[in-house]
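The values are calculated or read from the model by the stated rules, or taken from the named source; none is laboratory data. From a predicted model like this one, the values you see are computed outputs, not experimental measurements. Here the Cβ is made from the backbone with ideal geometry for all residues, glycine too, and neighbour counts use every protein chain on show. Ligands, DNA and RNA are stripped out before the accessible areas are found, and what is left, the full protein with its side chains, is counted by its heavy atoms. Shrake-Rupley method; radii C 1.70, N 1.55, O 1.52, S 1.80 Å.
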Amino acid sequence: MHSAGRSWLLLTGFILFYVIYLLFGALVFSSVERPQEDELRTEMKALKEEFLNQSCVNAASLERFLVKVLTANKYGVSVLKNTSMPSNWDLASSMFFANTLVTTVGYGHTTPLSDTGKAFSIIYALIGVPFTMLVLTACVQRLMYPLVLAPVGLLQRSGMEPRPATVVHFMLLLILVVLCFFLAPAAVFSTLEVSWSLLDGLYFCFISLCTIGLGDFVPGTQPGQEYRPLYQVSVMIYLFVGLMMMYLLLRSFHKMADLHGLTTFLQLPRCEDDLDEDREPIVEDQHEGQTPRYLTDKAASRPLEPGSQPSYNTINKG
């Protein structure tokens, strides 16, 4: 089959599989959650009727009260023990909100109340989201050599074949990420958050590091928590480092897929796998009289001996 035709066929298959996957998720969520929702609706209706029968409040007044309460709760203001709860917009909480905004996690537990805040959020995210991606990319570039290329080379020097070496390295990196950024933080969150189970903590870590951010579990929002600002700052650091490691894991998988021919088979772009590129900073200073970087790159792209670069390109695919 012609290359272009095969590429379009694969793209069509991806789209169809994506739609089917969404329909499958919709069916499962609907069958699991719909009965719980109907049960909760029935319970709330009975509770409302019981309240109206035992008080002199009419239905219209109760409706207005509930609308106000639910609207306030949407913006992170609860009517329960409201006077003792800290502000959602103190310095630490505002910084936590800014962090969820620029990392695209967006829990939605706190949202801007004013039109000015909403307008500023648009401008702030417009600049902050790409800048955050830039910082994450720069950090991952620095980590590619010590955490990906060097370990793979070490496995090869120990006598392991190239392809098995990349698989073993990826599995070890995956185990490290699961232990350090999912299981261990989940245990910490389940300890610090009284109402969270270990599964709740693991669920929060997964939802956060995948930038899904449903907002049903948000750390540091329970009343009476000690050292709340420090706790929120610690969660911010965890989110940034966790997102960086997820990006590193994905890039490592992409390089492994290049080596095994998976990206070529699926007509996908190859990952940049030059060692110097992974170790070069995204932005660097040029001193006066120094040869421009792009001119030296052209010369460096013609090595005297093919395969002299210790990168994924030099690994024998046979």
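Details
- Rounded percent of accessible protein surface that carbon and sulfur make up, the range 86-268, 1.4 Å probe: 76 percent
- What the range 178-248 shows is 49 Å² of accessible area per residue, with the surface traced by a 1.4 Å probe over protein heavy atoms.
- Cα principal axis extents for the range 86-268, largest first, Å: 59, 37, 27
- Summing Cβ point charges (Lys, Arg +1; Asp, Glu -1) relative to the Cα centre of the range 86-268 gives a dipole of roughly 580 debye.
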